[in-house]
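K.L.:
Have a look at the structure that comes next, please.
The values are calculated or read from the model by the stated rules, or taken from the named source; none is laboratory data. This is a predicted model, so every value here is computed, not measured. So basically every Cβ, Gly included, is an ideal-geometry build from the backbone, and we count neighbours across all protein chains shown. Surface areas here come from the heavy atoms of the whole protein model, side chains and all, with no ligands, DNA or RNA. Shrake-Rupley method; radii C 1.70, N 1.55, O 1.52, S 1.80 Å.
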Number of protein chains: 2
Amino acid sequence: MRRLYHFALSPHCRKVRLALKEKALDFELAPIEPWAADPDFLVLNPAGEVPVLVEDDGTVLAESQAICEYLDEAYPDRPLIGFDPVHRAETRRLVAWFDLRFHADVTNYLVGEKVIKRLKGEGYPESAVIRAGQHNIRYHLDYVSFLSERRNWLAGEEFSLADIAASAQIACVDYLGAIPWDDFPLARDWYARIKSRPTFRSLLADQVRGLPPPKHYADLDF
Amino acid sequence: MRRLYHFALSPHCRKVRLALKEKALDFELAPIEPWAADPDFLVLNPAGEVPVLVEDDGTVLAESQAICEYLDEAYPDRPLIGFDPVHRAETRRLVAWFDLRFHADVTNYLVGEKVIKRLKGEGYPESAVIRAGQHNIRYHLDYVSFLSERRNWLAGEEFSLADIAASAQIACVDYLGAIPWDDFPLARDWYARIKSRPTFRSLLADQVRGLPPPKHYADLDF
Ligand SMILES: N[C@@H](CCC(=O)N[C@@H](CS)C(=O)NCC(=O)O)C(=O)O
Ligand SMILES: N[C@@H](CCC(=O)N[C@@H](CS)C(=O)NCC(=O)O)C(=O)O
């Protein structure tokens with residue numbers, strides 16, 4: 001069986017899980033705490049990071065974007081990146097925006113401080129870091145609002161990997177109850193449409209031990 | 001004329017320049033200091049980062065990997081990513097390794113402290129940061145050596161975007177004279193083959209004002 005090594009609150013892992021689901025590909029999840037630097041895991045990915053996907057025939061794939069591009073090429077039904085080169089470039093620009101910038105500005109601060117630091121045994125969250133993440137998120141929700149006012153989905157008419165990358169980040173932050181939804185109705189409408197996709201349901205059912213999500217997290221009405 | 005907004009010692013810009021050259025596409029360079037946050041430039045890329053490519057018809061493309069994927073799709077002669085999906089995934093894994101990890105571990109520390117800090121008027125380099133970059137580089141040159149002992153080029157038999165992404169980072173660091181070549185003969189052999197490619201020559205001719213590169217920088221024999 002195809003296997004995805006992942007960590008439940010890793011946005012890059014959620015991105016790959018959503019892509020697999022959208023393509024209706026079966027897989028099993030192998031939970032990893034990558035910072036434990038398990039030697040067997042380092043053989044799979046010298047970067048020591050999740051996600052890592054292992055195909056049925058043993059092919060090992062690392063790096064979330066390399067994995068998603070691979071899935072779109074190897075299983076071309078239900079394409080996730082777009083059709084013409086210019087539109088595909090826009091999808092990829094936005095994927096990078098969320099994978100890199102949203103992650104560095106927001107998710108890394110909030111999930112990093114509130115969850116990963118604790119799991120690593122590195123002590124208590126720093127309130128200055130959390131405040132920075134909470135400050136930055138507003139700018140990012142403005143950008144999601146801006147895009148979703150102009151386009152049906154973030155990268156254009158069709159649902160794409162840009163929506164997946166964005167919602168993977170946002171779901172991790174929403175798990176912490178840290179999204180000020182009331183101030184961003186357009187972003188909320190877009191995320192409500194994502195949440196109602198069947199592919200998103202299993203992801204919303206995940207729980208991190210000792211850290212239950214807020215009530216609204218899995219609700220379609222939030 | 002196709003135009004690339006760039007900064008001379010930005011590895012992500014060098015990656016796109018090399019891809020354009022390998023594809024024999026004409027372009028002019030528009031130098032930008034992205035941290036100046038010029039409003040006209042922010043219209044082109046809300047991320048405020050170089051590289052940004054503007055095609056003849058006005059199409060604007062941002063994010064180095066989105067640009068390179070676009071170039072490979074729009075100008076399919078001399079493909080740079082590979083052929084079958086698994087091999088393409090390996091190329092992309094390595095591209096991300098150099099774009100993200102080598103950059104964060106090495107280039108960002110060295111070019112960031114020694115060049116960009118000065119251009120931004122943020123004071124003198126911190127020696128602890130420089131030492132961290134110099135320490136990390138050894139691990140990365142080991143990995144380049146490991147790959148080039150096993151493969152003709154970094155991602156496999158063919159020269160690819162992985163070689164481009166790696167040499168783009170390394171050239172920026174080598175400009176500062178910070179690569180311990182003598183300790184890494186296999187990495188040196190691989191880089192000598194890169195340097196002898198005609199596509200690499202114009203890049204090696206670039207100079208940053210007030211900061212000439214060391215003698216060996218543009219030499220084929222180093
Ligand atoms: N560029 C990578 C980033 C993946 C990443 O950052 N993974 C984190 C979890 S979100 C990780 O495994 N970190 C390892 C650690 O913290 O030691 C990708 O897109 O797959
Ligand atoms: N993910 C981006 C990264 C580009 C990047 O980091 N660009 C730097 C120069 S190497 C930049 O423009 N920084 C803007 C700043 O420092 O304000 C890409 O691959 O294009």
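K.L.:
Dividing the alpha-carbon radius of gyration of the protein assembly as shown by 2.2 N^0.38 Å (N being the number of residues), what value is obtained? Show your work: numbers first, answer last.
P.N.:
Details: Rg = 21.6 Å, N = 444, 2.2 N^0.38 = 22.3 Å.
Dividing the Cα radius of gyration by 2.2 N^0.38 Å gives 0.97.
K.L.:
So what are the ³J(HN,Hα) numbers for the range A:10-24, from phi and the Karplus equation (6.51, -1.76, 1.60; θ = phi - 60°), rounded to whole Hz, Gly and Pro as x?
P.N.:
Running phi through 6.51 cos²θ - 1.76 cosθ + 1.60 with θ = phi - 60° gives 8, x, 5, 6, 4, 4, 5, 4, 5, 5, 4, 5, 4, 8, 6 Hz.
K.L.:
Enumerate the amide H contacts of A:VAL52 below 5 Å, restricted to partners 5 or more residues apart or on another chain; note that Pro and chain-start residues carry no placed amide H.
P.N.:
A:TYR5
K.L.:
Distance from the Cα centre of the range A:20-44 to that of the range B:86-159, in angstrom?
P.N.:
25
K.L.:
Please list, in order along the range A:198-207, the HN-Hα scalar couplings obtained from phi with the Karplus expression 6.51 cos²θ - 1.76 cosθ + 1.60 (θ = phi - 60°), rounded to whole Hz, x for Gly and Pro.
P.N.:
x, 4, 8, 5, 5, 5, 6, 7, 4, 10
K.L.:
Hey, another quick one. Relative contact order for chain A: what percent, with Cα pairs under 8 Å and sequence separation of 6 or more?
P.N.:
Working: 281 pairs, mean separation 46.5, N = 222.
The normalised contact order for chain A reaches 21 percent.
K.L.:
Can you find, among A:VAL86, A:GLY112, A:TRP97, the residue farthest towards the positive end of the dipole of chain A? Put +1 on the C-beta of Lys and Arg, -1 on that of Asp and Glu.
P.N.:
A:GLY112
K.L.:
Hey, another quick one. Once the label point is placed 7 Å from Cα along Cβ, list for B:ARG201 the distances to the corresponding points in the other copies, in nm, shortest first.
P.N.:
Taking the point 7 Å beyond Cα along Cα→Cβ, the inter-copy spacings are 6.3 nm.
K.L.:
Starting from the Cα gyration tensor of chain B, take the square roots of the eigenvalues, sort them a ≥ b ≥ c, and report rounded, prolate or oblate (rounded when a/c is under 1.5, otherwise prolate if a/b is larger than b/c, else oblate).
P.N.:
On the way: a/c = 1.60, a/b = 1.03, b/c = 1.56.
Oblate, since a/c reaches 1.5 and b/c is not below a/b.
K.L.:
Between B:LEU18, B:LEU61, B:LEU80, find the one with the highest GNM mean-square fluctuation for chain B; connect C-alpha pairs within less than 10 Å.
P.N.:
Judging by the Gaussian network model, the answer is B:LEU61.
K.L.:
Which value, in Å² and to the nearest 10, is the accessible area of B:ASP57 when all protein chains are kept and the probe is 1.4 Å?
P.N.:
120
K.L.:
Once the label point is placed 7 Å from Cα along Cβ, list for B:GLU149 the distances to the corresponding points in the other copies, in nm, shortest first.
P.N.:
5.8
K.L.:
Report, as a whole number in µm² per second, the diffusion coefficient that Stokes-Einstein gives for the range A:85-198 at 25 °C and 0.890 mPa s using the Kirkwood radius over alpha carbon pairs. Spell out each step's value before the answer.
P.N.:
Details: Rh = 14.6 Å.
In µm²/s, the coefficient is 168.
K.L.:
For label points placed 7 Å from Cα toward Cβ, what is the shortest-first list of nm distances from B:TYR124 to its copies?
P.N.:
Sorted ascending, the copy-to-copy spacings read 3.7 nm.
K.L.:
Considering only lysines 8 or more places apart in sequence, or on different chains, count the pairs in chain A whose C-alpha atoms sit under 16 Å apart.
P.N.:
Values: A:LYS15/A:LYS23; A:LYS15/A:LYS195; A:LYS21/A:LYS195; A:LYS195/A:LYS215.
For chain A, the number of qualifying lysine pairs is 4.
K.L.:
Assign one of three labels to the range A:1-59, namely rounded, prolate or oblate, based on the Cα gyration tensor with a ≥ b ≥ c the square roots of its eigenvalues; rounded applies when a/c is under 1.5, prolate when it is not and a/b is larger than b/c, and oblate otherwise.
P.N.:
It is oblate, given that a/c is not under 1.5 and a/b is not larger than b/c.
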